[in-house]
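Working notes for the structure below.
The values are calculated or read from the model by the stated rules, or taken from the named source; none is laboratory data. This structure is a prediction, so every number in the text was calculated from the model and none was measured. Here the Cβ positions follow ideal geometry from the backbone for every residue, glycine too, while neighbour counts run over all protein chains shown. To get the accessible areas, we keep the full protein, side chains included, count just its heavy atoms, and leave off ligands, DNA and RNA. Shrake-Rupley method; radii C 1.70, N 1.55, O 1.52, S 1.80 Å.
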Amino acid sequence: DRGDRQPLVRSASSSYRTFPEGAASRLDEEYLRSLHNKRLFLAVFAAVLGNFSFGFALVYPSPVIPVLEVHPSPALRLDQHTAPWFGSVFMLGAAAGGLSTMLLNDYLGRKLSIMFSALPSALGYALLAGAQGLWMLLLGRVLTGYAGGVTSASIPVYISEISHPGVRGMLGACPQIMAVLGSLVLYALGKYLRLVLDWRWLAVAGEVPVFAMILLLCFMPNSPRFLLSQGKEEEALGSLCWLRGEDTDYDREYEQIKDSMRKQSHRVSCAELKDPFLYKPILIAGGMRFLQQLSGVTCILVYLQPIFKKTSVILKPEYDAALVGLVRLSAVAIAAVSMDKAGRKILLFVSAAVMLISNLTMGLYIYFVPTSHNSSVANMSLVSSANLPAEPTNYITLIPLLATMFFIMGYAMGWGPITWLLMSEILPLKARGVASGLCVVVSWLTAFTLTQFFLLAVVGTVQGVSSSPSQPQLTAAFCPTLQKAFGLEVPFLFFAVISAGNILFTGCFVPETKGRSLEQIEAFFRTGRRSFLR
């Protein structure tokens, strides 16, 4: 009976403010063990279908650009000027999506914001499928990027707010897992369906997860915390009951959330931004998103094939994406399993250390191994073995391959999924909608800018390695003087320095949130008492 549980609720709410290592902690553990997670998992699955669509759309140009470069219609044919924009304009759309989510998250709510993203996503795929000119291709990419920006800011917040501390780390890694799966599915469809179907059907296939997400989310509840922020207490209680199970002590968790809501106003004012309770978590979350992109992951993923050509990796191009996707998927799965056991910070430390060593190795390899040696090895690998005498394999070309794989593995097990999870955990409820959108804007604008600068180092360095007409000759679009200003080793050494900075940033500023409720994390920033997070 709910009335019989009210004394327990008040007692828990009182002890919640200090978190002694006593009866309240044991009650929390018993409560977490009693929860039913099936409906929670279903709600998370419905939401992360948006991340699946995001991963699908992000790498859509990979199999499509080679086809459009030789398209018989001049209106659709891509050249050295338009091909790069077909890929990179997606990031500008994602930044715009994050910007709009600063308002959508608070006015529509987390769930409705995710559902809203289906509209530009479906329209974008429709434009790509029925494109009759370049403007339709670019607009389709912008719209799918915009939808990706909205989901990037809304889905982690939704998952964090409906999850409980026992599984929040594992579920927080699901967006990354589904994004990688979406990319792998796109690569598979691009490789096999393109043999029997027109390239337009890839865009049609992208509509499937969008409509599945809309259908499932219609039956899922909104975030209890968002409903409480709107004054809808009965709906919030019903939502928490649905997520936790009717036969659980969900009333106690509800009172804890409600108690935290009473301590803050519903909207953030400019004057309140001077309060450390607000600006500290916002700066930490934004800083992590900024450093995540500065570590070079987007550049390496976008220009993986030119990098492998420059460093003479003897690997067929069609296997590049599959190998990268499998490594990312395995690493994110490891992070999902260990995040709630090992903790967030230890994984961030290990992740940054692996990225540091990998980037340093790549930079030194490119600097010390002459380009002429790379070119000769690469050219020999393109000639039929029947025309060459048998020679021992040059195993030194395994160094850049292994370094790249370890970098991707390090990123995917820490700084990939955990930055998104921590963003949704540490941001205070009253600023969570606005600040999460701001973090997405910072992330994708940084990615776009860094990718354009990285292009200066990549293009021109692979011209002596590959002369394939299917590869866009991007050099003409940029100043040759800038290309000669630095080699490919400089960006990787820069990424290594940033990775070292990631280690320092994690140790100095990032709190450990493993096993703590969102209200406990807010209390930590409000009071500065570290006992809340011990």
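Among the residues of the range 426-434, is there at least one that is at pLDDT 85 or above, out of contact with any strand residue (DSSP E or B) (no Cβ under 6 Å at 6 or more places or on another chain), surrounded by 17 or more Cβ atoms within 10 Å (Cβ to Cβ) and in a helix (DSSP H, G or I)? Yes: one or more hits. Here Leu181, Leu186, Leu171 are screened, and the one residue that is open to solvent by 30 Å² or more (accessible area, probe 1.4 Å) and in a helix (DSSP H, G or I) is Leu181.
Kindly indicate which of Asp106, Asp79 is open to solvent by 10 Å² or more (accessible area, probe 1.4 Å), of a type in the set (Asp, Glu) and under 30 Å from Asp249 (Cα atoms). Only one candidate qualifies: Asp106.
Taking the range 237-273 as the range and being open to solvent by less than 50 Å² (accessible area, probe 1.4 Å), at pLDDT 80 or above and more than 27 Å from Val434 (Cβ to Cβ) as the test, the residues that pass are Cys241, Arg244, Gly245, Asp251, Arg252. For the range 57-89, the tally of residues that are of a type in the set (A, V, I, L, M, F, W, C) and under 20 Å from the mean Cα position of the chain (by Cα) stands at 4. Per the conditions (1) open to solvent by 30 Å² or more (accessible area, probe 1.4 Å); (2) at pLDDT below 90; (3) of a type in the set (A, V, I, L, M), the sole criterion not satisfied by Leu215 is (2). Among the numbered conditions (1) farther than 26 Å from Arg168 by Cβ; (2) open to solvent by less than 40 Å² (accessible area, probe 1.4 Å); (3) at pLDDT 90 or above; (4) not small (Gly, Ala, Ser), the only one that Thr506 does not meet is (1). Of all residues in the range 121-137, those that are open to solvent by 10 Å² or more (accessible area, probe 1.4 Å) have Cβ atoms under 9 Å from Cβ atoms of residues that are assigned to a loop (DSSP other than H, G, I, E, B) and not small (Gly, Ala, Ser), 6 or more apart or on another chain, in Gln132/Leu76; Leu134/Leu76; Leu134/Arg77; Leu134/Leu78; Met136/Leu76. For the range 341-356, state whether one or more residues are hydroxyl-bearing (Ser, Thr, Tyr), at pLDDT below 85 and surrounded by 16 or more Cβ atoms within 10 Å (Cβ to Cβ). No, the range 341-356 contains no residue that is hydroxyl-bearing (Ser, Thr, Tyr), at pLDDT below 85 and surrounded by 16 or more Cβ atoms within 10 Å (Cβ to Cβ). Looking at the range 435-477 only, could you name the residues that are modelled with pLDDT under 50, in a helix (DSSP H, G or I) and not β-branched (Val, Ile, Thr)? Result: Leu474, Ala476, Ala477.
Taking the range 65-117 as the range and being in a helix (DSSP H, G or I), of a type in the set (S, T, N, Q) and either more than 30 Å from Gln230 (Cα to Cα) or modelled with pLDDT under 85 (or both) as the test, the residues that pass are Thr82, Ser88, Asn105. Picking from residues in the range 33-49 that are among the aliphatic types (A, V, I, L, M) and crowded, with 16+ Cβ neighbours inside 10 Å, the one that is modelled with the lowest pLDDT is Leu35. What about Gly149, is it touching a residue at least 60 places away in the same chain (Cβ under 8 Å) and crowded, with 24+ Cβ neighbours inside 10 Å? Spelling it out, Gly149 is indeed touching a residue at least 60 places away in the same chain (Cβ under 8 Å) and crowded, with 24+ Cβ neighbours inside 10 Å.
Among the residues making up the range 300-332, a single one is open to solvent by 30 Å² or more (accessible area, probe 1.4 Å), more than 22 Å from Pro417 (Cβ to Cβ) and modelled with pLDDT of 70 or more: Lys309.
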